[in-house]
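Contents: one structure, followed by commentary.
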Amino acid sequence: MLTVAEALARILALMAPVGVETVPLAEAGGRVMAAPAAARRDQPPFDTTAMDGYALRAEDAAEGAALRVVGESQAGRRFEGVMKPGEAVRIFTGAPLPPGADAILIQENAAREGDAVRVLQPPRAGEFVRPLGLDFRAGEELFPRRRLRAGDVALLAAMNVTQVSVRKRARIALIPTGDELVNPGETPGPDQIVSSNNFGLAAMLRGFGADPVLAPIARDTRASLDAALDAARGADLIVTLGGASVGDHDLVRDALGDEQLDFYKVAMRPGKPLMAGRVRGAPMIGLPGNPVSALVCGHVFLRPALDALLGLQAGPLPRSRARLVHDLDPGGPREHYMRATLSPGEDAPRVVPFDAQDSSMLSRLSAADCLMVQPPHAPAMRAGTMIDVIALDA
């Protein structure tokens, strides 16, 4: 049985980055850039003021000096004249500095007297001036190795970039399996339940830049499963849900065949009956059927796999440390991902796992904001002990 780290490494080895497309800047948020974008202009494109006041020469601005105001510069409409020694130009935030000006007398330090302005507190040369190219220069490149955030898109817009080369949205087929399942809105039979993990995983994956495809439920026949797998051809990753255990009706492992199966079973709780390999020419991950197990494995394995598909540096989700609020019983032989809640603490966040951790209880997962990770064979832990947690942000 593989450790979580070993299983993740083998899953990531199955992934290859998806293709590239060009999208309008307005659609680039959350996407992963596939090539750098170069600035098409300087920013700011001229020396500008950071404050309202008066543009002048610092050498003219002795305390008490009176300078003649010869014009005005505002954002989008610069002063077109020539500022001479002993003169000043009324200026507003974002406006270009007149040629020759090297400082801003902010209006709080100025007294207007008709056509003149008196210096109450002299500015230093360069004070409140944003020089040309302060933010970036034409030709400078942006190539963040992560999903584009709001600030990235704003920067690209300022660089006058209109289109961005990005990785395509990874197409991930989600195939629920089992005669016991019906879709939401259908009427379950007396021995059936409503399929939920496929919808939860689709929401998770979509939030991280994937294009999830909700496949029809594959029933407990080899023909039905083969039809679902055939329909998923062309997906960048196939994810089966359920059918990965050892029961007579768990067909996914048999459908893979040993020559396509990379591994089966992971030393984690929940999520032990997890498998990975290749099927129909695509990488495949077989998740457990229990809804909580599937979604926990989605965070631990699918999110890093998606990063790899999008050409990002992929690895385990980041962990932080939190302080146990209550005593914790000894751990078992598998790494335990416990649903828990975090709250602020004096020196570190405080974490409280739910009492009930049954892998069928979605209500606990919905209420959780983190997974608390108990190492395998961990001894009992007293309240106040520090322990690893993984934030649930999707």
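Taking just the alpha-carbon atoms of the chain, what radius of gyration and Dmax come out, in angstrom?
30.5, 95
Considering only protein heavy atoms, what per residue accessible area in square angstrom results for the chain with a 1.4 angstrom probe?
47 Å²
Projected onto the charge dipole of region 114-264 (+1 at Lys/Arg Cβ, -1 at Asp/Glu Cβ, origin at the Cα centre), which of V182, A235, G207 gives the Cα projection farthest towards the positive end?
G207
Quick one: give the max-minus-min coordinate of the C-alpha atoms of region 107-151 along each principal axis, largest first, in Å.
Principal axes ranked by extent give 54, 21, 18 Å for the Cα atoms.
Express the relative contact order of the chain as a whole percentage, based on alpha carbon pairs under 8 Å and six or more residues apart in sequence.
16 percent
Along the Cα-to-Cβ line of A138, 7 Å from the Cα, sits a label point; which residues in region 45-61 have backbone N less than 13 Å from it?
45-46
Rounded to the nearest 500, what is the chain's calculated 222 nm mean residue ellipticity when only DSSP H runs of at least 4 contribute -39500 (n - 2.57) each, over all residues?
The per-residue figure over the chain is -4500 deg cm²/dmol.
May I ask you to list the trypsin sites (Lys or Arg not before Pro) in region 332-385 that are in a DSSP loop and have at most 15 other Cβ atoms within 10 Å of their Cβ?
Sites meeting the loop and neighbour criteria: R382.
I want to verify the translational diffusion coefficient of region 32-76 in µm²/s; compute it with Stokes-Einstein, Rh as the Kirkwood radius over Cα pairs, at 4 °C and 1.567 mPa s.
The calculation lands on 88 µm²/s.
Loop-only check: which trypsin sites (Lys or Arg not before Pro) in region 93-146 are DSSP coil with at most 12 other Cβ within 10 angstrom?
Sparse-neighbourhood loop trypsin sites (Lys or Arg not before Pro): R124, R137, R145, R146.
Once you've got the GNM for the chain with C-alpha springs shorter than 10 Å, pick whichever of P216, P45, P353 has the biggest mean-square fluctuation.
Highest fluctuation of the listed residues: P45.
Per residue and in cubic angstrom, what volume does the convex hull of the Cα atoms of region 1-129 have?
Given the Cα convex hull of region 1-129, per-residue volume reads 189 Å³.
Pop out the carbon and sulfur fraction of the accessible area of the chain as a percent, whole number, probe 1.4 Å.
49 percent
Can you tell me the relative contact order of region 305-394? Whole percent, Cα pairs under 8 Å, sequence separation 6 or more.
Across region 305-394, relative contact order equals 39 percent.
Pairs of Cα atoms under 8 Å, at least six residues apart: use those to get the relative contact order of region 198-352, whole percent.
Normalised by residue count, the contact order of region 198-352 is 18 percent.
Over 14 Å, how big is the tail of the calculated P(r) for region 71-119, in percent of all Cα pairs?
48 percent
Using alpha carbon centroids, what distance separates region 357-394 and region 251-286, in Å?
Region 357-394 and region 251-286 have Cα centres separated by 25 Å.
What are the residues whose amide H is under 5 Å from the amide H of G289, where those residues sit 5 or more places off or on another chain and H is modelled from the backbone?
G242, G243, A244
Testing the spin-label approximation: label points 7 Å from Cα along Cα→Cβ at T3 and E113. State their distance in nm.
Each label point is offset 7 Å from its Cα along the Cβ direction, giving 7.9 nm.
Given springs between every Cα pair under 10 Å in a Gaussian network model of the chain, which of L309, L342, L237 has the largest fluctuation?
L342
In nm, to one decimal, how far is the modelled label at A391 from the one at V194, with both set 7 Å along Cα→Cβ?
3.1 nm
Test of understanding: what is the full-extension gain from K84 to N160, defined as 0.36 nm times their sequence separation minus their Cα-Cα distance?
23.9 nm
Compute from the Cα atoms of region 333-394 the Rg and the Dmax, the latter being the longest Cα-Cα distance, and quote both in angstrom.
Reported Rg and Dmax, both Å: 11.8, 34.
Quote to one decimal, in nm, the extra length available between V182 and A356 on full extension: 0.36 nm per residue of separation minus the C-alpha distance between them.
Length gained, V182 through A356: 60.0 nm.
Cut-off 10 angstrom, C-alpha nodes, Gaussian network model of the chain. Which of M51, M284, M15 fluctuates the most?
The residue with the greatest mean-square fluctuation here is M51.
Sticking with the crude label model, points 7 Å out along Cα→Cβ, report the distance from D230 to R321 in nm, one decimal please.
Between D230 and R321, the simple spin-label model gives 5.6 nm.
Longest exposed-loop-site-free stretch of the chain, with GluC sites (Glu not before Pro), DSSP loop and at most 14 other Cβ within 10 Å?
81-185
What is the distance in Å between the Cα centres of region 71-129 and region 148-198?
54 Å
The values are calculated or read from the model by the stated rules, or taken from the named source; none is laboratory data. It should be emphasised that the depicted structure is a prediction, and the values quoted were computed from it without experimental measurement. Cβ: placed from backbone, ideal geometry, glycine included. Neighbour counts: every protein chain shown. Surface accessibility is based on the protein's heavy atoms, side chains included, excluding ligands, DNA and RNA. Shrake-Rupley method; radii C 1.70, N 1.55, O 1.52, S 1.80 Å.
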